[in-house]
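Scroll down for the structure; my scribbles are underneath it.
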Ligand SMILES: NC(=O)c1ccc[n+]([C@@H]2O[C@H](COP(=O)([O-])OP(=O)(O)OC[C@H]3O[C@@H](n4cnc5c(N)ncnc54)[C@H](OP(=O)(O)O)[C@@H]3O)[C@@H](O)[C@H]2O)c1
């Protein structure tokens, strides 16, 4: 497994990380066999994936509980854990984010809130530190909580040894610059798939120039780019794919047509469509770390092979051109 540094933190991580949102289950993903989820995390480690990502809000704490169960059976220093703060459903502070499963979820990046989040995460996972601590979503109202205040608290957590590296997620360039001016930011986590490449224009060049890792989430568009959705699939109410641009009527077919055109590539490299798309992400830049979700052994065993695919530069560019044509046809 190819290793890449996490920013300037000194931490080396596998270039592919395991996402544990689906492991949280609930309305977004449907409930899981938790023992299978624990086995999936352990299998990921055996296959060389040493970075596992979760968040306080995934399954309203359930994802962290399952990660905690997996942690009990392995030496703590074998695994890099990232989790996220600033999304809360405990009080009325902060800005409304969404309502789910009866919880009014709010964004709150105040020092007090993120400190409470960290203590809850540590307790839930049964550990005394997290390796990477992300702010999950940024203030809707710019400056409502100044980034310098949030960052000040994160830096205190780092001095205390409770977190090893600071990350931010779902940022724009202005917010990213605010973080870097306030302290050492090592990583950002942003949505990026071959069909949705927004961070490529501004965020990626900034990361490259400033020694920051760009961890890309939903690289296979929540399973779509594994080629598993029928053209007429309609996401159930409340499920994670509901309302997502590429899962709308018409767009699944456009994506499937693009994927059908890569049959010769899956044959040439002896790999899956998911492997092609994950590898494509990692080839964007040495600053990229690819974060792909899995909750079954079969998924992680397939996905873990991705970075070993010797995808040529020519095929990388051909995939990009095919994706550009699909993006141009996307139904709004
Ligand atoms: N910071 C943020 O705001 C944010 C937002 C979204 C995600 N994330 C993080 O990024 C991670 C990954 O993103 P994601 O889970 O949204 O999307 P993703 O990685 O594109 O898709 C993961 C899903 O695809 C399916 N899958 C995975 N491997 C497969 C394979 N080899 N073959 C066929 N299907 C496969 C599984 O769905 P099924 O089990 O349903 O088949 C899996 O749960 C999350 O787990 C989370 O840690 C962060």
Relative contact order for the range 37-162, counting Cα pairs under 8 Å that sit 6 or more residues apart, in percent: 25 percent
Cα gyration tensor shape for the range 1-149, rounded if a/c is under 1.5, else prolate or oblate: oblate
Rounded, prolate or oblate (a/c below 1.5 giving rounded, otherwise prolate when a/b exceeds b/c) for the range 122-258 by Cα gyration tensor: prolate
Protection proxy ranking of 125-131, 315-321 - average other beta-carbon atoms within 10 Å, highest first: 125-131, 315-321
Cα long-axis angle, helix 147-159 against the chain (0 to 90 degrees, to the nearest 10): 80 degrees
Between the range 258-332 and the range 35-54, the Cα center-to-center distance that results, in Å: 21 Å
Crossing angle, helix 313-329 versus the chain [Cα axis fit, 0-90 degrees, rounded to tens]: 80 degrees
Degrees separating the helix 62-72 axis from the principal Cα axis of the chain, which is the longest one: 80 degrees
Within the chain, helix-based [θ] at 222 nm, where runs of 4 or more DSSP H residues each add -39,500 (n - 2.57), nearest 500: -11500 deg cm²/dmol
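Laboratory data are not the source of any read-out in this text; all were calculated from the coordinates shown. This one's a predicted model, so the numbers in the text were calculated from it and none came from an experiment. Reconstructed Cβ throughout: ideal geometry from the backbone, glycine too, with neighbour counts over all protein chains shown.
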